[in-house]
Each structure stands twice: as C-alpha cells, then as structure tokens.
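Shown next, in structure tokens, is the structure this report addresses.
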Amino acid sequence: MRFVILKEVGVTLRTYTRDIADRRLIFGRDNSFQTELRRRVDEYFRRTGRRRRDCPQMYLKTAIILAAFTGLYLLLVFVAATWWQALPLAVLMGLSMATIGFNIEHDGGHQSYSNYAWINRLMAMTLDLIGASSYVWHWKHGVIHHTYVNITGHDADIDVGFLGRLTPHQKRFRFHRWQHFYLWPLYGVNVIKWHLYDDFRDVILGRIGPNRMPRPKRWELVGFICGKALFLTMAFAVPLLVHRVWPVFLFYGVTMIVAGAVVSVVFQLAHCVEEAEFPLPSEGSGTVENAWAIHQVETTVDFARHSRLESWLLGGLNFQIEHHLFPKVCHVNYPDISKIVEETSREFGVQYRAHASFRAGLASHFRWLRRMGRLSAANLGGTSSITERVA
Ligand SMILES: [Zn+2]
C-alpha cells in the first residue's frame, strides 16, 4: 500500500523512508476506489489514444509563455523609460512568471511533461529561472505536500507561520481575526522571502518544517547555486547596468508581489476553502482514516472546470483533485479525466467538490480565513455543501 502511494508522488519507498521517516503516516488500507479509478483512466487513454505526456499542445504552450516572458523582460529592462511604462510591464511580467510556474515548471517537476527525464528536468528548472529552487520545491511540494495534503503539522503548504491560521488545528492568536484582510498582500511578499531566505534555510538545515529533506549533493548543489545566481543576475545585476538602484528594487518588488499573490491564491483555492477537509492522523499510530486516494479527493476542491481560458492559463491547477490523483499525467488531460473521477467518486461515496468559478473559490477562501480567525475551539473543518452541483 505505502509503495503504491509513494509511486504516485514520484519517489521510491527507500528514498522516502530514509529521508522523511521521522514523521511518516499510514493511510487507510482499502484501495478499491483507487484501483477502480486507475482502471477507468487507463481504459480512457487506451480508448482515445491520447498521450499521457509529450502532448503537442504543451510544447506550443511552453513556447508562447517563454516568448512572452522573454519579451516582457527585455521591454521592462531595456525599453521602459518612465514609471507608467514600467508599471504595467512589471505586472504582466509577474503574471507571466506565475504562468511559467503553473504550466511548465509544475508539469516538469511532477514528471508529467514528458516521458524523457531530461525534458522534465529542464522544464522543472524554469522555476530556478523565476527565483525559487526546483530542488527544494520537489521535496516541499512534490513529496511532502502531495503525500500529506491538508494534514496539519505535515503539509508545509498550509503553514504560513504565526501570521496566519489556515487550519482548525493551528494555534489561534487574537490578531488572526483580521487575517482575511491582511493575509492577501502578505501572500505576495512571502514569495520574496521564499526566494531570498526560505530556500537557503531549508538547504542549510536539511529540513522543511517538521520533515527532513536530503541536502543537495554534487550536481544538485551546482544546480541550486547556479539557479540562484542566474535569478539574482537577471533580477538585479543586469537591470542595475542600465537603471538606478531604487527603480530596480521597486519594480522587482512589484513583479514579485504580483507573481507571489497569484501563485499563492491559486494554490490556496484548492485546499484552504470551506469545502475541503482537514483530517488529523490518530495519535500514537499515525494512521489517517481514509485511504490515500480518498484523502486526496476530500482535501482538495476544483474550480472553474468549464473555463477553457482559465484551464489554459492555470495549467490545470483548477483541476487539483485530478492532479493529486494523477500527478504524472500532463495537465491538458485533466478536463476529460475529471468526468471519470467525479463519477467514480459518486459511486464510491467519496466527496467530490468543485466551485463553479474562480470567484466562487476566492469567496470561499475569504470566508475560510475569516472563520479560522474567529474560532479558537477545535473545528473539524469541511462542510457538506457542494458549491457546484454536479449532475
Ligand atoms: Zn503538484
């Protein structure tokens, strides 16, 4: 069972037990839902002849996004001469960076971009290009978050430090009652801390929160250092050759805050909303009641599933249920797979939840922050309401 789980998130049993064994959890053993789901999805790919990876539309999308990013960078650094030219370019640049993260890096990092490991690695390294370490991200997101989603004390994505209370099982401070207002700008600022401090801290300590992370060795360490050097050169050294200091830092800040806020909010809509569950493992045995696949579905919420534009821009992160179940399938397949997942979930009595739009998800995240800021007593989280009635 555990081996099946870990194959899903892309690590081997041996690697996992060596590196984060100090806090490992055990999921429920009834795999019938996952087995049937896999059978149906396998059948879908057999029947349609569609590719799981190396999808032509992904290569086209990558070219468009990277061309936009390069063009915006050149315009911002070498052409913009006034603040009213630089400001919209910085905002668009932030959005293009978020799009690289959602589409290219995320698929590459999960090995769902291509059947060739080197292509996946190359695509994953686009994260280094926009400031964050792809090495640390693999452990933080690909392994820890994807295995322990929404489990307080294990999933680093739901821990924003003392400034925010995102789950019913985190300590509440009085000032959290205003968190549904003040957290939004902090989401943006947080990405600057991630790039310039968190990555270095995690690599030096060999830890991500309570979970151990192997320190990068040899080529991994070379990649980490070169990635940071490349980003700092692009973000500061090159612009400082043609501009004064304050505009460089100002527009770096604008770009990063836009990118960080968009990335954070999109990821928060999948797990930090009223409809998601926040289960705790049993004390002592560390057992999570549900089987791994059921846990993934019930702790995750889709949104805007019928918007082709949002699906294109967000790289399938509006289909996070499908992504968590099939992280090694390229995101362009998620809209079709979602119908199979939804139907199978209904048959097995698993709660499949989706918001009809991005706005509905955003409103639910706002209400969840307000609710977590107001309650001090244990709140088991999740509701039975399904925002988008599924046919
Ligand atoms: Zn992911």
Take region 371-386 and flag every residue that is modelled with pLDDT of 90 or more and buried (at least 17 other Cβ atoms within 10 Å of the Cβ). 372, 373
Sole residue being within 24 Å of residue 51 (Cβ to Cβ), within 14 Å of the ligand (Cβ to nearest atom), of a type in the set (Val, Ile, Thr) and under 16 Å from the mean Cα position of the chain (by Cα), chosen from 104, 100: 104
For region 107-133, give me each residue that is within 27 Å of residue 236 (Cα to Cα) and within 13 Å of the ligand (Cβ to nearest atom). 108, 109, 124, 127
Of everything in region 175-186, what is of a type outside the set (A, V, I, L, M, F, W, C) and over 8 Å from residue 373 (Cα atoms)? Give them in sequence order. 182, 185
Only one of 176, 141, 180 is in a helix (DSSP H, G or I), within 16 Å of the ligand (Cβ to nearest atom) and either within 14 Å of the chain's Cα centre (by Cα) or farther than 21 Å from residue 223 by Cα (or both); which? 141
Matching residues, region 213-237, being touching a residue at least 40 places away in the same chain (Cβ under 8 Å), more than 15 Å from residue 131 (Cα to Cα) and in a helix (DSSP H, G or I): 220
Over region 23-78, the set of residues of a type in the set (S, T, N, Q), surrounded by 15 or more Cβ atoms within 10 Å (Cβ to Cβ) and within 30 Å of residue 237 (Cβ to Cβ) is 62
Could you look through region 193-212, keep only residues that are free of Cβ contacts under 8 Å to residues at least 12 places away in the same chain and among the aliphatic types (A, V, I, L, M), and pick out the one that is farthest from residue 154 (Cα to Cα)? 196
Checking the structure you have, find out if any residue of region 189-206 is assigned to a loop (DSSP other than H, G, I, E, B), surrounded by 14 or more Cβ atoms within 10 Å (Cβ to Cβ) and among the polar types (S, T, N, Q). no
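The values are calculated or read from the model by the stated rules, or taken from the named source; none is laboratory data. Keep in mind the model is a prediction, meaning the values are calculated, not measured. Glycine gets a Cβ as well: all are built from the backbone with ideal geometry, and neighbour counts include every protein chain shown.
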